[in-house]
Amino acid sequence: MTTPTLTSRWQSMTPQFLSILRIAAAFIFIQSGMMKLFGYPTTKIGGGTVALFSQMGVGGILEFFGGALLLLGFCTRPVAFILSGEMAVAYFQFHAPRGFWTLENGGGQAMLFCFLWLFISAAGAGPWSLDALRKK
């Protein structure tokens with residue numbers, strides 16, 4: 001029997017790193033919803049909050065509650081897929097018309113979250129999640 005190398009030990013932790021990625025990204029994502037819905041921890045550009053039943057309000061609801069579900073790892077695959085679509089709409093509706101490059105149009109975060117949530121919808125929540133606990 002050989003001693004595991006650092007690389008093999010590191011690779012064996014891939015499922016845990018998937019959970020860490022999901023938790024960290026969801027924590028960041030929730031803040032966008034909090035800003036839109038509650039004006040916390042900062043207000044949106046122009047101050048205040050958005051109208052709850054406006055397109056931005058629905059986005060805030062998805063971001064806050066969907067982000068919370070992803071943070072906990074509950075119903076991860078369908079929630080991540082829906083949020084991936086929300087971020088695709090946000091990018092193509094609000095950012096892409098302002099230019100091709102994400103630095104130019106301000107859509108880098110929306111594009112990154114779109115593909116991250118798409119990946120999470122395929123990969124799942126990882127072992128540190130309510131989804132994993134439900135399977136036991």
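Just one of (1) surrounded by fewer than 18 Cβ atoms within 10 Å (Cβ to Cβ); (2) of a type in the set (A, V, I, L, M, F, W, C); (3) within 21 Å of T43 (Cα to Cα) fails for A110. It is (1).
So, in region 1-31, of the ones that are within 28 Å of A51 (Cα to Cα) and without any contact (Cβ under 8 Å) to a residue 60 or more places away in the chain, which residue ends up surrounded by the most Cβ atoms within 10 Å (Cβ to Cβ)? Only one residue fits best here, namely A26. Candidates are the residues of region 81-136 that are not in a helix (DSSP H, G or I) and not hydrophobic (A, V, I, L, M, F, W, C); the one that is farthest from G60 (Cα to Cα) is K136. Those helices (runs of 4 or more DSSP H) of region 1-65 in which 2 or more residues are at pLDDT below 90 and more than 24 Å from V89 (Cβ to Cβ) occupy 6-12.
Within region 96-124, how many residues turn out to be of a type in the set (A, V, I, L, M, F, W, C), farther than 13 Å from E86 by Cα and under 12 Å from the mean Cα position of the chain (by Cα)?
So the count comes out to 2.
Might you check whether a residue that is more than 23 Å from K135 (Cα to Cα), acidic (D, E) and touching a residue at least 12 places away in the same chain (Cβ under 8 Å) occurs anywhere in region 72-92? Yes, some residue in region 72-92 is more than 23 Å from K135 (Cα to Cα), acidic (D, E) and touching a residue at least 12 places away in the same chain (Cβ under 8 Å). Remark: F74 matches the filter, which requires a residue to be at pLDDT 95 or above and not in a helix (DSSP H, G or I). Filtered by the rule that a residue be touching a Lys or Arg at 6+ places or on another chain (Cβ under 8 Å), of a type in the set (S, T, N, Q) and either under 21 Å from F119 (Cα atoms) or loosely packed, with under 15 Cβ neighbours inside 10 Å (or both), region 32-86 gives a lone residue, T76.
The values are calculated or read from the model by the stated rules, or taken from the named source; none is laboratory data. Quick caveat, the model's predicted, so the values are computed rather than measured. Don't worry about glycine lacking a Cβ; one is built from the backbone with ideal geometry, like all the others, and counts go over all protein chains shown.
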